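Chemist: To start, I am sharing the structure in question, which I have written as structure tokens.
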Amino acid sequence: MTQPTQEEELLAQQALAEAAVTESSEIISGLSQGQIVRKRFFGHTGALIGLAVFALIFLLAFTSVGAFGIPGWWKYNHVDVSPLVNDGVPTSSFWPLAWGEHPFGQDRIGRDLFAMTMRGAQQSITVMVLIGAIAGAVGAIVGGLAGYFRGWVEAILMRLTDVIIIIPLLLLAAVVGQIANRRDQGSWLTGFAANNGVVILGVFLGFVSWVGLARLVRGEFLTLREREFVDAARISGASNARIIFKHILPNAVGVLIVNVTLTMSAAILLETALSYLGLGVKAPDTSLGLLVAQNQEAFATRPWLFWFPGLFIILICLSINFIGDGLRDAFDPRQKKFKAKTAVETTRHSSATAPVAEASKGS
């Protein structure tokens, strides 16, 4: 592989400078920061595909079998048992295009797999949203306070973070999952937990999943608090709250949002792992991880019982990751893709055509 010459390096640097000028032209043209972020995000193909896939799964899961006491449009739910149709084989097909009575098939006792998969997707999305919202809020508050005030505030908050980091998350989540799924009678809290096990699990995981995000936000605040615009805000008499929420936090929102999406993606896999091990959601309720665990032995004989829940796990995780990737590129202009080889070739071409253009002007 040949090393680039000095001339090629100079051409690449010139192309980089031109790309920076093009990037800054968005601001010069009068676009606000929100408009620039929106323009970059909607220009990211992968993020748009991920957003469309996740929106479709969300609507399908929460409208088909119903949620929050509102009935859905699908005629079965995850506990209904009906006679086997076509020996439980999926009735849907691509050619000829058909949906059928049980598009995802049925299990051995006649429960509709489409209804169970949609119920499982509801559980995964609920856990994901709860963990993302709680971990994002707590991580932003703890990291922001520690990075801005420093001193004893930072010492206390970071030591609290260190204590939570060393706690085995999977073990604690397993204990909470067991408590949340108890069916015995007791206090009102026990009854609420028995009927809302996924909510309890999501809230708990949210309150112990913020530590990594807090460290990242703290590092971002440590950098931003020394910038000139923060000094100008202090000199003008702005309060600490105004400086944090109006000046520093908007500049750190990119790091916050991107890492919240990654935390949400990891949350789905954690809930799936707990349910797979029998420590998360339990019957008569269901989840994607529980469906995979219950039907793993039928992979060779009735593989559709395994395929569809696994497919939805993959689709949800991939869509969230693509959305996070698009948000990263939208909030951080340094992530803009740049191909040095293409830039050098373009610069060479423009350098070669420039003398011709000048000669034609002179003539």
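Chemist: Hey, rough spin-label estimate for Leu169 and Ile156, points 7 angstrom out along Cα→Cβ, what's it come to in nanometres?
Modeler: 2.6
Chemist: With a sphere of radius 9 Å drawn around the Cβ of Gly143, what net charge do the other residues whose Cβ falls strictly inside it have (Lys, Arg +1; Asp, Glu -1)?
Modeler: +1
Chemist: Give, in nm to one decimal, the length gained when the segment between Ala98 and Thr63 is fully stretched (0.36 nm per residue of separation minus the Cα-Cα distance).
Modeler: Length gained, Ala98 through Thr63: 10.5 nm.
Chemist: In what sequence, highest mean first, do 293-299, 306-312 appear when ranked by Cβ atoms within 10 angstrom?
Modeler: 306-312, 293-299
Every read-out reported here was derived from the displayed coordinates using simple, explicitly stated rules and does not represent laboratory data. Keep in mind that what you see is a predicted model, and the values were worked out from it rather than measured. All Cβ positions, glycine included, derive from the backbone under ideal geometry; neighbour counts span all protein chains shown.
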